[in-house]
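Read through the structure below, which is laid out as structure tokens, and then see the notes.
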Amino acid sequence: MAEQFSRREILSILVAWIVLSVAVSYKYVLGFIGGNASDLQIVAAASIATATGFILHEMGHKFVALRRGYVAHFQIWAWGIALTLVTAIISGGNFLFGAPGAVYIAPAAAMTAYGYYSTKQQEADPERENMLISAAGPGVNLAFAVFFLIVYELTSSYVVGLISYLGLELNVGLGTFNMLPIPPLDGSKIFRKNIGVALAIALPLWVMFLYLFLIA
């Protein structure tokens, strides 16, 4: 699948990852710059959490779309980058608008400029195709949320626990937001086509969100 990534796309993914990682750990980035070595662990943990919560979320969309015969490429969003950084700075790292970019999907034949072409595209039920592609991102978040929850409960290591907790928070937060049935979020496309699939992904994420952010 290496040929499906252009240099520009790889650069965009790296920039989005760095920006979101800095935003997620903004208060600790300042501490690290100021010489507080312990904050480096939090910055590193935030980078791992961001890789699972955002980057692999977007790659889930990309690879399922490619599998279904579509062109799919990650594109950075300049306004999203700006909002991510500005909200993190203004809130002191306590709140951020985390949307530095997204995967854009289109029929393969319509975008051959990117170098992709496939005859596998399924056109019998476009809404089902859209649902499957949309569900891949929050599905990745749910899988990693459960994984990090288990690791967090079992580990006795501070570093592993830190990575697990931040990974749990970010995957639950992004997954919960994306599963809201509001256009153009993933949840709206999934709920519209198959409520059963939507609830199977959304309910566990929403329950974990309520516990993490409203109860605990």
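Taken together, the values in this text are just the output of simple stated rules run on the coordinates, not laboratory data. These numbers were taken from a predicted model, which means no experiment stands behind them. Virtual Cβ from ideal backbone geometry, glycine too; neighbours counted across all protein chains shown.
Net length available on complete extension from ILE18 to ALA200 is 62.4 nm, with 0.36 nm assigned per residue and the Cα-Cα distance removed.
For the chain, the longest principal axis of the C-alpha atoms and the axis of helix 56-67 are separated by about 10°. Between LEU40 and GLU153, the simple label model (points 7 Å from Cα in the Cβ direction) yields a spacing of 3.4 nm. Projecting the Cα atoms of LEU205, THR84, ALA46 onto the dipole axis of region 2-210, where Lys and Arg carry +1 and Asp and Glu carry -1 at the beta carbon, places THR84 farthest toward the positive end.
Taken about its Cα centre, region 2-210 carries a charge dipole of about 260 debye when Lys and Arg each add +1 at the Cβ and Asp and Glu each add -1 at the Cβ. Taken over the chain, lysine pairs spaced eight or more positions apart, or on distinct chains, with alpha carbons under 23 Å apart number 5. If you take the Cα centroid of region 50-103 and the Cα centroid of region 134-178, the two points sit 17 Å apart. Projecting label points 7 angstrom from Cα along Cα→Cβ for PHE213 and ILE10 puts them 3.4 nm apart.
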